[in-house]
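Below: one structure in structure tokens.
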Amino acid sequence: MRKGIAGLSVLALVGLSLSTPSMAWLEKGGEREEALKLKPNIENGRDVFEVCSACHLPEGWGTKDGTFPQLAGQHRTVLIKQLADIRAGNRDNPTMYPFAQPSAIGGPQALADVTAYIEKLPMNPDNGKGPWPKGTPEYEEGKKLFEENCVKCHGKHGEGSAEKYYPRIQGQHYKYMLRQFKWIQIGKRRNANPDMVKQIKDFTPKQIQEVINYVSRIPVPKEDLAPSKDWKNPDFD
């Protein structure tokens, strides 16, 4: 194992339920803003990520069954926000909570370093997809729902916005997004954007499946993908 800051399992996109009061969506100040101002140390970010790789894989691809999300290629602003929210008790994740604390991995510099490393990882060319391929009624309905409800924030191609902390959802696993969508809708993911909560409150279970199916099938730009689904992260050979 590489030497360096240890103890971080960056499950930054998963939540369970605790009773800590929710903070504002983008409350000013705090560790998020501090980390974003720091110059990242990619080498240290790699060392920190070695711990995360036990769950998210050395490639940062997560798992198709949705247990662990793909982190590779995600906007580092999004990753920093999620980690800072977990550390502040604003996003519930009992599994990673003790490992993400400053006492375990260090302060804002650790967040700056590991997220910069993750953002540069090439994405999985074979992410987990929903059951309905292009041309099916469910796919077309999902496309319509996406265009009417999601494009304004997540972009036409699900690319998100680093500046506005909207996550990149293209290339993400279907089963992971399905779970997160449901949790946001029912209020279980407490640090969700309140605009999204309002936008999706009336989605039916079938509509949720359809729109997430469509998102899971949005192509990722070739330049952002690993050369093959068998690619291995050379940093961990």
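What follows draws every value from the coordinates through simple rules; no lab data is involved. This one's a predicted model, so the numbers in the text were calculated from it and none came from an experiment. Glycine gets a Cβ as well: all are built from the backbone with ideal geometry, and neighbour counts include every protein chain shown.
Kindly state, to the nearest 0.05, the FRET efficiency for K156 paired with K120, given R0 = 30 Å and r defined as their beta-carbon distance.
0.80
What is the gain in length, in nm to one decimal, between S103 and K229 on full extension, counting 0.36 nm per residue of separation less the C-alpha to C-alpha distance?
Taking S103 through K229 to full extension adds about 41.7 nm, to one decimal.
By count of other Cβ within 10 Å, fewest leading, how are L71, L36, L121 ordered?
Lowest to highest Cβ neighbour count: L36, L121, L71.
List residues of the stretch 34-77, by number, whose backbone nitrogen lies under 20 Å from a label position 7 Å along Cα→C-beta of K188.
63-70
Hey, fewest Cβ within 10 Å first, where do S161, S103 land in order?
In increasing order of surrounding Cβ atoms, one gets S103, S161.
To continue, here is another question. Could you name the lysines in cross-link range of K232, using Cα to Cα under 25 Å and dropping any fewer than eight places away on the same chain?
K3, K64, K120, K129, K175, K222
Between K198 and K164, what is the label-point separation in nm under the 7 Å Cα-to-beta-carbon projection?
1.4
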